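Structure first, commentary second.
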Amino acid sequence: MPGKQTEDGPVEVEAGEDGAEEDLGGLTLEELQQGQEAALALEDMIALSAQTLVNAEVEQLYQEVRPLGQGRFGRVLLVTHRQKGTALALKQLSKTSTSLRSFLYEFCVGLSLGTHAAIVAAYGIGIESANSYSFLTEPILHGDLITFIQPKVGLPEPEAAQRCAAQLASALEHIHAHGLVYRDLKPENVLVCDPACRRIKLTDFGHTRPRGTLLRLTGAPIPYSAPELCAPAPLPEGLPIQPALDAWALGVLVFCLLTGYFPWDQPLAEADAFYEDFLIWQASGQPQDRPQPWFGLAPAADALLWGLLDPHPRKRSPVGSIKAYLGQPWRQQEGKVEGLGEAQK
């Protein structure tokens, strides 16, 4: 009997005699097994990490240099080791808003994924202080991607959008290969390694979950929310999450990189005219009849985004589909189309 995970623990779901995907909320047995294996591996890491936490006040071990980021539940600081002088990034989470398990979960997900070039490298040092939990990562000093996106422009350099998209797709493929779904792709979670925005790294894995974890949409949908999260869940406990959620968010982010604004406010046709126009345009199969928000994009960008933003998750292109469009023009400007290579008519 295959089991599924909720955010509170496993839920057992029995497949039908023919192993129909509908009995598993749309997952195949292979997909469900991959998620289970990822969940078990994380549980083992959490148990081990709980035994190896360093009990100390952060100030005793590290000297604060400056803040790098601030979130609702914690902050990221640039610090130096007091004895060795090594520069590090320290993420500190308050105990008033973060449980030990939540801290260990994010810490262990980062450790399991941090070998990828486009993912922030995590170091195996977790610290419990009187009022906080902390862990250490490599320092990324040029802020997050949101500061590089200009309103109504996107990333000004034509090649930058493709570079960022390619690196993010590779990072997400790495996450999916580990049986996990990232679930929180947005510019604020993409750190920039250099002023020219040539190298980026994905960070913040507090929302990452094993494939098949049962979830419900909490709060109002946002542009990055996939439409299946807004629909009635296929199982009473919720929607079994799939990598297609990350593909949708990647499509929205690529649109922002190219235009400097969201394609819509929420993926609900009855509530958002921009999203309804997109669905009509996509169903028409006529790229030349583009809605106003899509003016300025090249045909290759149309095809890429139509695939990533397919409203049906099983038909949606995987994140790796970006590779087929690299080097082609994604943006039109002044009668010319710009891409990774030489501008073309």
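Quick notes on this one:
- Top-ranked residue in region 198-220 [being of a type in the set (Gly, Ala, Ser) and surrounded by 15 or more Cβ atoms within 10 Å (Cβ to Cβ); ranked as nearest to residue 165 (Cα to Cα)]: 206
- Lone unmet requirement of (1) under 30 Å from residue 298 (Cα atoms); (2) crowded, with 20+ Cβ neighbours inside 10 Å for residue 156: (2)
- Which numbered condition residue 97 misses (of (1) surrounded by 14 or more Cβ atoms within 10 Å (Cβ to Cβ); (2) assigned to a loop (DSSP other than H, G, I, E, B)): (1)
- Test for residue 120: is it over 24 Å from residue 40 (Cβ atoms) and crowded, with 20+ Cβ neighbours inside 10 Å: yes
- Residue match in region 46-65 (condition: within 15 Å of residue 137 (Cβ to Cβ) and free of Cβ contacts under 8 Å to residues at least 60 places away in the same chain): yes
Each value in this text was obtained by applying a stated rule to the coordinates, not by laboratory testing. The structure displayed is predicted, hence computed values, not measured ones. Using ideal geometry, Cβ is built from the backbone for each residue, glycine included, and neighbour counts are taken over all protein chains shown.
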